[in-house]
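Only one structure is covered here, and it is reproduced in the block below.
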Amino acid sequence: MRDNNTGLVWEQAPDGTAGTGAAAKLSCLRKVVGGTRGWRLPAVAELVSLQDPSLAAPFVPTVFSGVQEDGYWSATADVTNPTLQGWVVGFNNGLAGVSQYNNPAFVWCVRGPMNASTY
């Protein structure tokens, strides 16, 4: 699903399996959809951009399906402890926060150019 505001292509239905931060990165790296590779974890700012606070949880338009009302990993590391923690976006409460990489969260992969300033 192409986001015309950002130019990014999002999975229409994100993976319904929670995993660690390392597993999330590998999941996107290995993903093949319609014969296409090149998926990645989104930056926290990119992931938050999907949310519409005027909608009920999970705060995303109905063009997306299977979105869990829970946390989703981003590719953004916590600056205070980048080897142990990363940012997670909550599609249950609309908030973003830091979580240890060994905690489970869901994965929503994206395709498109990376903007270093969003990480």
Charge sum, other residues only, whose C-beta stays under 15 Å from V110's C-beta, Lys/Arg counted +1 and Asp/Glu -1: +3
FRET E, pair T80, N103, Förster distance 25 Å, beta-carbon r, rounded to 0.05: 0.95
Highest-MSF residue in the chain out of V98, V32, V60 [GNM, Cα springs under 10 Å]: V32
Radius 11 Å from Cβ of Y101, net charge of other residues (Lys, Arg +1; Asp, Glu -1): 0
By the scheme Lys and Arg +1, Asp and Glu -1, what is the net charge of all other residues having a beta-carbon under 15 Å from that of L26? +4
Whole-number Å³ per residue for the convex hull built on Cα positions in the chain: 100 Å³
What length, rounded to one decimal in nm, is gained on full extension from N92 through to E69, with 0.36 nm per residue of separation minus their alpha-carbon distance? 7.9 nm
What shape does segment 31-86 have by the C-alpha gyration tensor, where a ≥ b ≥ c are the square roots of the eigenvalues, rounded means a/c under 1.5, and otherwise prolate means a/b greater than b/c and oblate the rest? oblate
Given R₀ = 30 Å, FRET efficiency for A22-S54 by Cβ-Cβ distance, to 0.05? 0.30
Under 5 Å, built H, 5+ apart or other chain: amide partners of A75: A43, V44
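Read-outs: derived from the displayed coordinates by stated rules, not from any lab. Worth saying up front: this structure is predicted, and the values here are computed from it rather than measured. Using ideal geometry, Cβ is built from the backbone for each residue, glycine included, and neighbour counts are taken over all protein chains shown.
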